[in-house]
Structure formats: structure tokens, C-alpha cells
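A short worksheet on the structure shown next.
No lab work stands behind these numbers, since they all come straight from the coordinates. It should be emphasised that the depicted structure is a prediction, and the values quoted were computed from it without experimental measurement. Counting neighbours? That spans all protein chains shown, and the Cβs are built from the backbone with ideal geometry, glycine included.
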Amino acid sequence: MKKAVIIGGGLGGIAVALRLQCAGWQTTVFEAGPTFGGKMNRWQKDGFTFDTGPSLITMPWVFRETFAAAGARLEDHLEMKPLAPIAEYRFHDGTRFEYTSSLPDWLATMERVAPGDQDGFYRFLELGAKLFAISKATFFDRSPYEAPGPGEWRAMKNMPLRLAWGNYQKTIEKLFKSPHLRQLYGRYPTYVGSSPWLSPATLAVIPYIEFAFGGYAVTGGLYRIVEELLGLARQRGVELAANARVVRIEKSGGVARGVELASGEKVAADVVIMNGDYGATAGLLGVATGGVKATGKSAMQGRSMSGFVQLYGLRKPLTGIHRHTVCFSEDYKKEFSQIFNERRFPDDPTVYVNAPDPFDTLFIMANTPATEEVWDEARIAEARARVFRRLRLAGFPEFEADIAVSDFWTPTRLSERYLMPGGAIYGVDSHGWKNAFLRPPNVNPAVRGLYHVGGSTHPGGGTPTVLMSAAITARLIGQRFA
């Protein structure tokens, strides 16, 4: 049997190991931490359970196909429930509304809050539909570094150049007059850690997918996806090793030969698959970057956003809230300027709250720049105060007196736990065409037999796209060894 070693036990690493194992490979996943799942993880304390990563999923067929590749039915393992509504949005001027993937309900809401924008919304849907059709035929199934076939060329001929070939936020402003809808739809590039003012308009495919196909929750929490895939992996014979940090990728003659662990053990392999941040690969290869190493803010240029996450377990459930709530800042453009230009936590952050039923646990997140600067207690306290100020201004229920347990995740902690430089959740940002669509490749261009999978490589961040990455990488490996 051919042997594959996977560095990192995140969702992509588990999925690619499972696919290769079912294709006749012997696979081993080495995870540096104590638990598998990467950023899609779980924290428990005093009877409270939290998902610490993604809280909403889209494109359920991608998950179904992943289970099918392992000879299983998703429905026998997970219950995915469509969310209606998807979220509540709260704005600085006191405006509130529910966002839903039900067209009649959303049109009724638009009639109330943005009566002049229905035509713009239909044009936005048309743009998204065209981009989705192109993405499905090209970006989602293949690496952009592969030679395109006739199907890909035909799909690209349908690119809606007039609206898609430009800046994301400018396209939003062409289509929508309402400041509320401009802010709502401007939020979607943050799904890949980026600014709407710096991203290409083709990212309009993200809100289209959510609206057209809905957002979903998983009964028991999204970590159930990891648990079920791990169960299948064990059943199929995947070797799973936690607390096993890889410190070096072994190579000779320009070919990956295996890995060395922190324990000193060396494990030979026919292929090595990097499921960690693409930017950490050079260090594992012992490659010197040359010149003076950039530090501080300059080292973080081109990195996606990080996050400041607060987890709270409450003595009594909250009432009158939604599962997903977004409390927008007063000045969205200023917020992103402070994150990407000034490289600091914004004065007035947009705050996202996930409160799974029965609403006694809260996942609260605000975007912040990736940074090598240490988030100490003083910085955490200041950022926490700004988050709570925004929650109060948005009319979110008071809960501080009822906090029983709490935990904080900062760029510093994310960087240390998941070996992500600066705590950048999505690796490189999606600013400009190159970063958005020429993500780091699934096949390493310098070392034969070294592959990449996960959110920092093609096709990018997000739970379903990570699973697509696993499918692409497994196919490319299979083609090489066919």
C-alpha cells in the first residue's frame, strides 16, 4: 500500500485522509494539539459546551458527497437543519430586520426597509447565479493550476464582466441604494477574512450561495461533523495521532520522503500532505526566505483577518434573541480601514453573536487584524469593553451578571494553537484577483510529493470549500499514482 502522511488534523486533513484510505492508501494524520478538527473545534467547562469555530454551514451537498466518498450516508450520521431566519441584523440607527433565504419573506422585509432596492436585489441574484455556475464548473472542482478543459473554457465565456470585473463594494453600491443593504451585503467578504473595499466583486458568489441554498445548523453542534468523520476514519483504518507535532518535512532530491516529529521519530511516506497554514510550510522544509525577515505590521500584510472570540456560559438563558445576530458598527468603512490600514482592533467593531438553543451559551466574535503583537490582559480588556459597548448600543440583552464561565480566543492564542502566523484565520486575504482566485496550490510547486489541503489553500476558507479542497487534493494524488 502507498503511504500518505497528513500534517494537521483539521477538517481538510481528516477528509483527505479518509478519501485516500478508501482509495487503497495507508494514511496517518499527525495533529499537534490534543483534539482533532483544527479551528472547527469544541470547548467544554462546567456543563457548558461550545463550538469554537464555524457556526453556520452552506452547500449541504458537499458534506453529503464527502460522506458518500467514504461509503456512508450523511443522513445516518448527522441531522442538518435549515435556518429560518438565517440571522437578525441590527444597525447603529436602531433598524433591525431578519435575513432569510425565503424569497417572499425577504421581499416583504425589503419593502419595509429598502423599498427602492428590489430591482437591484434581482440583479445581484442574477450576478451571483452566473458566478456560481462558473465556480461550480471550474473553481470548486479543479485547481486553477491545472490545464483547463473544454468545459472550463465554455463556463468562463459566461463571466459577467460588467459587474463582476471590479471592486466588491463598488458593485454593491451600484446595485443597492439602502445603507442597510450596502452594509449587510458588504459583510460577506469577511466570510473569507477580507475587506469588501479591497476584494473583487466575484465574491458576490458567497451571499448568493447562502441565499439560494440556505444556511444550516447541525443538531448537537457543528463539531458533530468532525466527530462523525473521525469515526468513519477510524472504521476505515486511518491512523490518528494527537499531540504529535511535525517539526520537519523530510525530503531528498527535491522529493518529500516523510516527516519528523517533535519526539524525534521519523515516519516515511510516499506523499506528505500539509493541512496547516500554507505559510508555515517553508519552515517545515527548512527553507530560508533570504534577506531580512519582515516583522510586525509589515509581516502581516496580505494576511487575512483574525478574530477576537469570547465564549460565555450563562446561569440562565437569554430571551428575545436569534441564533445568529450581527450588530453592525456605525462606520463600516472606518472599521475596515482600522483593521487593514492601521492594523489595529477597531474602535467600534461589528459584533457577531451565535447563541444556540437554549440560548445559555454565547459565541461572540469581532474581526481584528492578524498580528504578531501579543494580546495581553490589558488589550483583551479594552477589546472586550468595545464589544460590549456595541452590544449595548444594539439593544442586545444584558448578560454580564449571569456569566458562569468564560474563555477568550485572540490572534495570539489562535497563532499558537493552530500554528497560523498572526492568527490569520484564512491564511492570505482575498484582496485582488490573484489572492482571491490563485490561492496557494494543492500541489506544492517546489517539492514533488508534497501536497496541500485546507482553508489556506485552493479553493479557500469556509467549511464546504475545505471539503472541496480535500476532494481536489485526493484526486490529484490519485492521478499521479494511477
Dipole in debye (nearest 20) - the chain, about Cα centre, beta carbon charges: Lys, Arg +1; Asp, Glu -1:
1320
Counting DSSP beta bridges with both partners in the chain, what percentage is antiparallel, nearest 5?
70
Please report, in debye to the nearest 20, how large the charge dipole of region 84-214 is about its Cα centre when each Lys and Arg carries +1 at its beta carbon and each Asp and Glu carries -1 there.
360
Dipole check, region 305-418, charges on Cβ (K,R +1; D,E -1), about Cα centroid: among 341, 354, 309 the Cα furthest to the positive pole belongs to 354
Just want to confirm a number: the relative contact order over the chain, from Cα pairs under 8 angstrom separated by 6+ residues, in percent.
22
Counting only Cα atoms, I'd like the Rg/Rh figure for region 305-418, Kirkwood definition for Rh.
0.96
When a footprinting reagent is the concern and you count Cβ atoms within 10 Å, what order do 322, 77 take, fewest first?
77, 322
Find which of 238, 444, 55 sits farthest along the positive direction of the dipole of the chain, computed with +1 on the beta-carbon of Lys and Arg, -1 on that of Asp and Glu, about the Cα centre.
444
At the level of C-alpha centres, the distance separating region 323-352 and region 420-447, in angstrom, is 23
On the first, second and third principal axes, largest extent first, how far apart are the outermost C-alpha atoms of the chain in Å?
63, 54, 53
